[in-house]
Amino acid sequence: MSRRPLLVGNWKMHTTVVEACQLAAAIRQGCSDLEDRDIMLAPPATVLSEVSHIVHGSGIILAGQNVCWAAEGAFTGEISPVMIQGAGGHAAIVGHSERRQIFHEDNAMVNRRLCGGLAQGLLMILCVGETQEERESGQTFAVLAEQLRGALDGVTPTQCARLAIAYEPVWAIGTGLTASGGQAQEVHEFLRDQVATLYEKNIAGHMRILYGGSVKPDNVDQLLAQPDIDGALVGGAALDAASFIRIVHYKA
Ligand code: PEP
């Protein structure tokens, strides 16, 4: 089944307005030759609106790095799906390991965020991934199955069309360590099987499953050559325009 590749740049807590606009403009220019893949940028919420003017009309999709389940209310520090849309965004990431580990977001909270974003019409990226300890103690598949089951509780089959999963082994994020193509493929195949079990084979076949964890220009080609890897979620290398542009131009 052919799935349209999706390449996401997660800028994390980096960039002022000026820096963000420069980076977005360079990426827009460097990726203007590509029509067969989706490009998504997740800048900090503080620059979303400015960046949306820079990428307007380019097809580049803008995402929040997290999203609240409520449309508005007393949720100090949170950003709602409506606010993301109002700032020019159409997507959001949830369940990033930095949210889970540093801010103690559990599967139940990730589920609320995911359902809230989907209900408001956002395209959602759900991150899952095991820690080094969990991998070494043979729990990788159990942890991923539970993260997936917990996060997808209440997500309808129709909503799955606006969902992508990002497999991000925690031990590979920002560490320079990368899962090998084979290691990642094994997990992606497992995740697709899980989606088939939770929903149905056709939904699993259409679901984009991205890999994230120290994706760089020199390893993207072998990762994206794997049959179940449909794109990449890129952190560090997404802050350098030339690196991200090369990643987006991967050769599978
Ligand atoms: C990420 O932020 O999701 C990520 C994968 O970061 P990095 O590419 O720096 O490992």
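Below are the figures for this structure:
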{"item": "Largest-first ellipsoid semi-axes for the chain, taking √(5λ) over the Cα gyration tensor eigenvalues, angstrom", "result": "25, 22, 17"}
{"item": "Gap separating the Cα centres of the stretch 136-203 and the stretch 208-240, nearest whole Å", "result": "15 Å"}
{"item": "His249/Thr76 FRET efficiency (R0 41 Å; Cβ-Cβ; nearest 0.05)", "result": "0.50"}
{"item": "FRET efficiency estimate (nearest 0.05) - Cβ-Cβ, Asp33 to Ala108, R0 30 angstrom", "result": "0.10"}
{"item": "Carbon and sulfur %, accessible surface of the chain computed with the full protein complex present, 1.4 Å", "result": "53 percent"}
{"item": "5 angstrom amide H check on Leu123, placed H, neighbours 5+ away", "result": "Ala91, Ala92"}
{"item": "Computed label-point distance, nm, for sites His53 and Asp240 using a 7 Å Cα→Cβ extension", "result": "3.0 nm"}
{"item": "Positive-pole candidate from Gln139, Ala164, Gln101, dipole of the stretch 97-252, charges at beta carbon", "result": "Ala164"}
{"item": "Relative contact order of the stretch 6-248, pairs being alpha-carbon contacts under 8 Å that are 6 or more residues apart, as %", "result": "20 percent"}
{"item": "Net dipole in debye of the stretch 63-167 [+1 Lys, Arg Cβ; -1 Asp, Glu Cβ; about Cα centre; nearest 20]", "result": "360 debye"}
{"item": "Long-range HN-HN contacts of Gly9 with modeled amide H, under 5 Å", "result": "Met40, Leu41, Ala42, Val234"}
{"item": "MRE, 222 nm, helices only [DSSP H, n ≥ 4, -39500 (n - 2.57), over the chain, to nearest 500]", "result": "-11500 deg cm²/dmol"}
{"item": "For the stretch 188-197, 3J(HN,Hα) per residue [Karplus equation, 6.51 cos²θ - 1.76 cosθ + 1.60, θ = phi - 60°, Hz, x = Gly/Pro]", "result": "4, 4, 4, 4, 5, 5, 5, 5, 4, 6"}
{"item": "Accessible area per residue in Å² at 1.4 Å probe, computed on the chain", "result": "44 Å²"}
{"item": "Size of electric dipole in the stretch 6-248: Cβ of Lys, Arg +1 and of Asp, Glu -1, about Cα centre, debye, nearest 20", "result": "400 debye"}
{"item": "Cross-link reach list, lysines versus Lys251, counting only Cα pairs under 24 Å and skipping chain neighbours closer than eight places", "result": "Lys216"}
{"item": "Given 15 as the ceiling on other Cβ atoms within 10 Å, longest exposed-site-free region of the chain for chymotrypsin sites (Phe, Trp or Tyr not before Pro) in DSSP loops", "result": "104-252"}
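The values are calculated or read from the model by the stated rules, or taken from the named source; none is laboratory data. It should be emphasised that the depicted structure is a prediction, and the values quoted were computed from it without experimental measurement. Please note: Cβ atoms are built from the backbone with ideal geometry, for glycine as well, and neighbour counts cover all protein chains shown. Quick note on the areas: whole protein, heavy atoms, side chains included, nothing else; ligands and nucleic acids left out. Shrake-Rupley method; radii C 1.70, N 1.55, O 1.52, S 1.80 Å.
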